[in-house]
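The values are calculated or read from the model by the stated rules, or taken from the named source; none is laboratory data. Fair warning: this is a prediction, and the values are worked out from it, not measured in the lab. Backbone-built Cβ (ideal geometry, glycine too); neighbour counts: all protein chains shown.
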Amino acid sequence: MTMKLRSKSIVVPMMIGIAMVAFMIGMVVSSSLKITPAIHALDKEVSEGSEASPTKDSQVFVKLAEQLMPVTVNISTTKNIKRRGRPFNHPFRQDDPSREFFGDEFFERFFGGQPPQRDYELRSLGSGFIIDKEGYIITNNHVIENADEIKVRLSDKEEYDAKIIGRDAKTDIALIKIAPHKGLPVATLGNSDELRVGEWVMAIGNPFGLDQTVTVGIVSAKWRKIGMGPYEDFIQTDAAINQGNSGGPLFNTRGEVVGVNSAIFSPSGGNIGIGFAIPINLAKNVVEQLKVKGKVVRGWLGVVVQTVTPELAESFGIEQGKGALVADVEQGSPAGNAGIKRGDIITAFDGKEIKEMNELPLIVAQTAVGKQVEVTIVREGKKITQKVTIGELKEEKTYASTGEEKKEDVGMGVSELTPELARGYGITEKRGVVVTQVESGSPVEEAGIKEGDLIVEVNREPIKNLGEYNSATKKVKRGDKILLLITRENHSQFVVITLVK
């Protein structure tokens, strides 16, 4: 019995040991099979432009850095400013005995007085990348905005003066140019639409003046909105991006530029692993126009849209809260001329599905002026397709809400729209009822309605005055939801509120 137990105690560890050795050998073989092709694939890709599988092997990034650092440039700008300053310093040091003998008042009266204007320089740093041999360079608008002098330093330390070809504040993209003495290495622009979350990327730039700094990370997310402009579609990455990286390139493992590093989220001002880059596909369209026209011409549809919330989806009788809800249509606009109406839900534009409201303005802006496109809408539960000829977006426009006060169970007071109230609240509309009171913590406040808003529709019924408003709201039972159309500062918006039970 003892021998049996002993033999088992010997055999079992031996079997486990053999299994472990076999497993380790298998891992080594498997590892070599996985790593080697990735390196070779990259070598082939660098020379021939074929695809390479993303990998974190150090040799991959060494080769990428060697290839890509020359196309990345450092940008320094100077802004000349004027401020008051002393004409010259006191001829005596602070610790000189003569100061005690004469007294500070003497020095202030003799050397003081009204100081003259003196020129000072405000300097800033950024990054960029070369896109053709003629010296065109992409960077951020905020890097070169208001600069009196722009200097570009190449990876070989050669420095050039640069001029602005064009810049676009709405996308934060700028195009500058240098006059090189020799041929320049050029960055290859990739396709940012093909980026996948989790894919490896490399950033190169000039953080805190430390030129040609290389960092590596992954794509953390796509389609990020961070409130920096009207046309946002940021790539989020954890590749270290800091102050001075702005305008620099974000590369994929094929050595292609997929983004323009632009912003970071950081309570301290340093990198915490949340950086944002403008997709290169968005930048391509902007840069092409800046190069030819010096400005960007955008498509114009002429609608004000809002998010389709679950409550709004239920009110409009649609199953999913996708698309962009048309809150207003500008008179004489392409949308208006095509028959698109307030309350329509745009679900597709020019063959592209609209999943979120924020997607529509960006897609419209990138559409060529004069192009006829098909717009799919949902109207009263039915899908309709309208043909729209896109117009040109001009400079920003301001878009185009009583007597007895009525207090509703939703925590809101409304009044007849009188000339006095219209003047007081800056209302230009001629019909509707004005919100004169909103209770704190009420359903109305939670829905975002504010004092001075004008209610022009209740449950899709137009409201001209307080009488019509009362008639419309009488049809609603306690606990029911009400769909209101309000206007505020000439903008229209649908709002859903619930009557208290």
Query - Selection from the stretch 266-286 of residues that are touching a Gly at 6+ places or on another chain (Cβ under 8 Å) and surrounded by fewer than 19 Cβ atoms within 10 Å (Cβ to Cβ) - result: GLY273
Query raised in the report: Do you know which residues across the stretch 228-251 are modelled with pLDDT under 90 and either surrounded by 20 or more Cβ atoms within 10 Å (Cβ to Cβ) or in the same structural domain as LEU125 (by TED's automatic domain parsing) (or both)?
Result: TYR231, GLU232
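Going by the conditions given, is ILE346 under 30 Å from ILE176 (Cβ atoms), modelled with pLDDT of 90 or more and in a strand (DSSP E or B)?
Details: under 30 Å from ILE176 (Cβ atoms): no; modelled with pLDDT of 90 or more: yes; in a strand (DSSP E or B): yes.
It is false that ILE346 is under 30 Å from ILE176 (Cβ atoms), modelled with pLDDT of 90 or more and in a strand (DSSP E or B).
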Query - Whichever residue in the stretch 461-476 is touching a helix residue (DSSP H, G or I) at 6+ places or on another chain (Cβ under 9 Å) and surrounded by 13 or more Cβ atoms within 10 Å (Cβ to Cβ) and, among such residues, is farthest from THR418 (Cα to Cα) - result: GLU461
Report task. Kindly list, by first and then second residue, each pair from a residue in the stretch 464-477 that is more than 17 Å from THR498 (Cα to Cα) to a residue that is of a type in the set (Asp, Glu), limited to pairs with Cβ atoms under 7 Å and residues at least 6 apart or on different chains. Result -> ASN465/GLU416; LEU466/GLU404; LEU466/GLU416
Report summary line: Every listed condition ((1) out of contact with any Ser or Thr (no Cβ under 6 Å at 6 or more places or on another chain); (2) at negative phi) holds for ASP453 save (1)
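How many residues are of a type in the set (D, E, K, R), at pLDDT 80 or above and farther than 17 Å from GLU451 by Cβ when one looks only at the stretch 472-501?
So in the stretch 472-501, the residues of a type in the set (D, E, K, R) come out as 474-475, 477-478, 480-481, 488-489, 501.
Filter once more, so that each one left must be at pLDDT 80 or above: 481, 488-489.
After this cut, where a residue has to be farther than 17 Å from GLU451 by Cβ as well, the list is 481.
Residues in the stretch 472-501 being of a type in the set (D, E, K, R), at pLDDT 80 or above and farther than 17 Å from GLU451 by Cβ: 1 in total.
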Requested in this report: Can you tell me which residue among LYS157, LYS133 is farther than 20 Å from PRO207 by Cβ, more than 27 Å from the chain's Cα centre (by Cα), assigned to a loop (DSSP other than H, G, I, E, B) and of a type outside the set (S, T, N, Q)?
Outcome: LYS133
Report task. Take the residues in the stretch 369-395 that are in contact with a Gly (Cβ under 7 Å, 6 or more places away or on another chain) and not in a strand (DSSP E or B), then tell me which one is farthest from VAL303 (Cα to Cα). Result -> GLY381
**Report entry** Matching strands (runs of 3 or more DSSP E) fully within the stretch 177-290 where at least 3 residues are closer than 27 Å to LEU393 by Cα
**Finding:** 213-224, 256-264, 275-279
Query raised in the report: Out of all the residues in the stretch 304-327, is one or more closer than 21 Å to ASN459 by Cβ, part of a strand (DSSP E or B) and touching an Asp or Glu at 6+ places or on another chain (Cβ under 7 Å)?
Result: yes
